[in-house]
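Q: Have a look at this one.
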């Protein structure tokens, strides 16, 4: 029997994580997707060995319901389910109970603004049912851990999500061009989708107000791309999709990563930046901030995502002590690494008796 993992769509960091888990367990893990990659994500993934489920029906506001998974559940030793909100995940949890198959929940994180509402509303009973019947919960960070315990989760362990950044070198042309752009400037990078809740427009306005000595590098695509370009000036450089070697070079050479989004469940780019000792500016609604960012040590936390707060926060980054940034990041990375992630999963399995 194999292990079956269900998630919404392909993502490079997730594929690497599941492959690492497969090697660690020395068992095959089949990956199944309920959705396809959205147009605003330009991820390049090798998914020839993965399986896209055929949706039976699309439920607006919830996603695809894929009913044709009975044989997969029956043929699996156990399941890993990537959340509790998809109708397919609810169906899978029901099938697991019927066929007496254990399942573990995997969850990346929860934005601070969502904490008060997770346990309320008509969505709450299905969530509680999925969580409470799981053999274990492999969740990311302290906020998600407390929420899953509130929802009745057993054997809650830290996923310790990491991003295995590429060790390849960026192209010489990219390095030459970007070195020219950031030379003599205070440089900021935003990496992610260009959608409303990311507050990239406020970040652009802050850079404009800070003056000619600042430059913002924007890596990513999204529905607001055209409008953001219209509102930007020569201080803002749009790169579109950036491959990992180039992204690593940017983390190594710019002054700060900025993530000032609303309702950000985790924010993996924060980990990526800190792993390269790039300080970060984070807004108040970033899921990872409580676990990865120590205000005034390896980054700056701002109380709101207004243009004024962003400008003050960006300026404050340059008051950080470089040695303190390194020391703080090393302390965090001692815990936040793939070895600990695998150990947490094994401990969860042992606690669940699987």
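Taken together, the values in this text are just the output of simple stated rules run on the coordinates, not laboratory data. Here the structure is a predicted model, which means the values were calculated and not measured. Reconstructed Cβ throughout: ideal geometry from the backbone, glycine too, with neighbour counts over all protein chains shown.
Q: Using the alpha carbon gyration tensor of the range 193-233, what are the three equivalent-ellipsoid semi-axes (square root of 5 times each eigenvalue), largest first, in whole Å?
A: Over the Cα atoms of the range 193-233, the semi-axes work out to 18, 9, 9 Å.
Q: Calculate, axis by axis, the spread of Cα positions in the chain along the three principal axes, and write the results as whole Å, longest axis first.
A: Projected onto the principal axes, the Cα atoms of the chain cover 64, 42, 38 Å.
Q: Find the all-direction average of the projected area of the Cα convex hull for the range 303-354, expressing the result in square nanometres with one decimal place.
A: Values: hull surface 24.1 nm².
If you wrap the Cα atoms of the range 303-354 in a convex hull and average its projections, you get 6.0 nm².
Q: Among 79-92, 200-213, how do they line up by average Cβ neighbours within 10 Å per residue, starting with the highest? Could the numbers behind the result be given before it?
A: Working: 79-92: 21.8, 200-213: 18.5.
With the highest mean Cβ count within 10 Å placed first, the list reads 79-92, 200-213.
Q: I need the Debye-formula profile for the range 101-219: one equal scatterer per C-alpha, no solvent, reported as log10 I(q)/I(0) at q = 0.13 1/Å, two decimals.
A: Log-scaled intensity ratios, in q order: -0.76.
Q: To test your reading of the geometry: what angle, between 0 and 90 degrees and rounded to tens, separates the Cα axis of helix 87-99 from the longest principal axis of the chain?
A: So the inclination is approximately 30 degrees.
Q: Just the ratio, please: alpha-carbon radius of gyration of the range 205-276 over 2.2 N^0.38 Å, N its number of residues.
A: Here the Cα radius of gyration is 1.15 times the empirical estimate.
Q: Tell me the relative contact order for the range 172-335 as a rounded percent, counting alpha carbon contacts under 8 Å between residues six or more apart.
A: Details: 285 pairs, mean separation 33.4, N = 164.
About 20 percent, as a whole number.
Q: Let me ask something else about it. I'd like the orientation of helix 338-352 relative to the chain: the angle between its Cα long axis and the longest Cα principal axis, in ° from 0 to 90, rounded to 10.
A: It works out to around 30 degrees.
Q: Using the Kirkwood radius built from alpha carbon pairs, what does the Stokes-Einstein equation give as D for the range 172-335 at 37 °C and 0.692 mPa s, in µm² per second?
A: Roughly 210 µm²/s, to the nearest whole number.
Q: When the expected Rg is taken as 2.2 N^0.38 Å, what fraction or multiple of it is the alpha-carbon Rg of the range 276-342?
A: Working: Rg = 12.7 Å, N = 67, 2.2 N^0.38 = 10.9 Å.
Against the empirical 2.2 N^0.38 Å value, I get 1.17 for the range 276-342.
Q: Antiparallel DSSP bridges in the chain: what percent, to the nearest 5? Show your work: numbers first, answer last.
A: On the way: 3 of 45 bridges.
Expressed as a percentage, antiparallel bridges in the chain total about 5.
Q: Still on this structure, please answer the following. Averaging sequence separations of C-alpha pairs under 8 Å and six or more residues apart, then dividing by the length of the chain, give the relative contact order as a whole percent.
A: Values: 682 pairs, mean separation 51.4, N = 354.
Once divided by the residue count of the chain, the mean separation gives 15 percent.
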